[in-house]
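The values are calculated or read from the model by the stated rules, or taken from the named source; none is laboratory data. Values in this document were obtained by computation on a predicted structure and should not be read as measured data. Every residue, glycine as well, gets a Cβ built from its backbone with ideal geometry; the counts of neighbours run over all protein chains shown. The protein model used for the area step is the full one, side chains on, heavy atoms only, and it has no ligands, DNA or RNA in it. Shrake-Rupley method; radii C 1.70, N 1.55, O 1.52, S 1.80 Å.
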Amino acid sequence: MRATVIYGAGDVRVETVPDPKLVEPTDVILRVVRSCICGSDLWPYADMAPSEHGRRIGHEFLGIVEETGADVATVAKGDLVIAPFVYSDNTCQFCREGLQTSCVHGGFWGAKGVDGGQGEAVRVPQADGTLVKVPHTEDDDLLASLLTLSDVFPTGHHAATKARVSAGQNVTVIGDGAVGLSAVLAAKRLGAERIVLMGRHRARTDLGREFGATDVVAERGEEGIAKVRELTNGEGTHAVLECVGTKPAFEMAVGAVRAGGAVSRVGVPQYEEGPIGPALFRRNVTVTGGVAPARHYIPELLPDVLDGKYQPGRVFDRTIDVEGVPDGYRAMADREALKVLIKP
């Protein structure tokens, strides 16, 4: 089969690799029908050290079940399923607490002999705990929105829920990428009254307004913080959802949050130290967030997506086939595309 392999910064290739085979009785083989490139994939694309053998990549996908292991009970051949961005047994103590990203039997796609999602097929470990069956559809828009449930929409929702976003609150979202826009949608869904989107790419912030942003702040740093505070009577917002992962973004979040509020980080941190000293302590600011347990949130978010109440799939603005994946990475890295969908 054909699949994506990354060899280093800027070096993404599509190669012929062995077809996946069942290894454990809890495995499933999926034929991938939709996958995509994630903003977090751009970090290794930017700075991964060269590798002689490369590694598989991709962690967001929908698939049709082609083959099942002997112990698989919840899905069958022919089912359309969502694969969250980590696999998990959904039964260990962490999974039962809604923390499937810390599953004791779980892991990540593209590691330890498991296929990456940017290819034609995938072996899925712990299939009963991982996969979520959904109704069959040929609707491209609905498939795109279902695909977001593998990662980006639950990640935005995780940012909002960890920050305790609730009806009537003011919220700032930092970042106009797909996760930031999903966080806007999630905050709107949870009833936020004012949603300030910090971003400077007009096409993206326009979509953010359609998703529920009431204000857009293009300024960065101290100027951006001042603008958010100007919009909120000098107080800042109850929650700040940091969806970038850089230290300057976190610093803006700390500056924009009100006393007693919460900064929720879901952008993968590209720094080791940040401003968590006396200023936060004195203002009783909570710092929270983390990697989103998408499998935990899918049952809650799925009905609204199936009903068309929310259409997070609108974050996809370019569609390619598997052979076009290297150019899809380039387009996202060059800000020519917001989020690239891969369709067979």
Worksheet item: Number of Lys-Lys pairs in the chain under 27 Å by Cα, sequence gap 8 or more or different chains?
Response: 28
Worksheet item: If packing is taken as the mean number of other Cβ atoms within 10 Å per residue, what is the order of 224-232, 211-219, highest first?
Response: 211-219, 224-232
Item to complete: Quick one: pull the percent of accessible area on segment 163-279 belonging to carbon and sulfur, 1.4 Å probe, ligands and nucleic acids left out.
Response: 47 percent
Worksheet item: In the full protein assembly as shown, how much of R200 is accessible to a 1.4 Å probe, in Å² to the nearest 10?
Response: 120 Å²
Item to complete: Excluding A192 itself, calculate the net charge of residues whose Cβ lies under 13 Å from the Cβ of A192, where each Lys or Arg counts +1 and each Asp or Glu counts -1.
Response: +2
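Mind giving me the FRET efficiency for E336 and T91? R0 is 45 Å, r the Cβ-Cβ distance, nearest 0.05 is fine.
For E336 and T91, the calculated efficiency is 0.55.
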Practice prompt. State, as an integer percentage, the relative contact order of segment 125-202 based on alpha-carbon contacts under 8 Å between residues 6 or more apart.
Written response: 29 percent
Fill in: Residue among D27, D139, D206 with the largest mean-square fluctuation in a Gaussian network model of the chain, springs linking Cα atoms under 10 Å
D139
Practice prompt. Identify which of A127, A167, A159 has the largest mean-square fluctuation in a Gaussian network model of the chain, with springs joining Cα atoms closer than 10 Å.
Written response: A167
Response to the item:
Its Cα gyration tensor gives segment 155-308 an equivalent ellipsoid whose semi-axes in whole Å, largest first, are 22, 17, 15
Worksheet item: Heavy-atom accessible area of F316 with all protein chains present, probe 1.4 Å, nearest 10 Å²?
Response: 30 Å²
Fill in: Among D317, D115, D79: highest mean-square fluctuation, GNM of the chain, C-alpha pairs under 10 Å
D317
Fill in: Given charges at Cβ of Lys, Arg, Asp, Glu: segment 97-211 dipole, positive-most of T101, G116, A127
T101
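Given charges of +1 on the Cβ of Lys and Arg and -1 on the Cβ of Asp and Glu, with all other atoms neutral, how large is the dipole of the chain about its Cα centre, in debye to the nearest 20?
Working: 37 positive and 46 negative charges, 192 e Å.
That gives a dipole near 920 debye.
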Practice prompt. First compute the accessible area of segment 1-119 with a 1.4 Å probe, then give the percent of it belonging to carbon and sulfur atoms.
Written response: 51 percent
Worksheet item: Given Cα pairs under 8 Å that are at least 6 residues apart, what percent is the relative contact order of the chain?
Response: 18 percent
Worksheet entry | Fraction of antiparallel bridges per DSSP, the chain only, in percent to nearest 5 | 55 percent
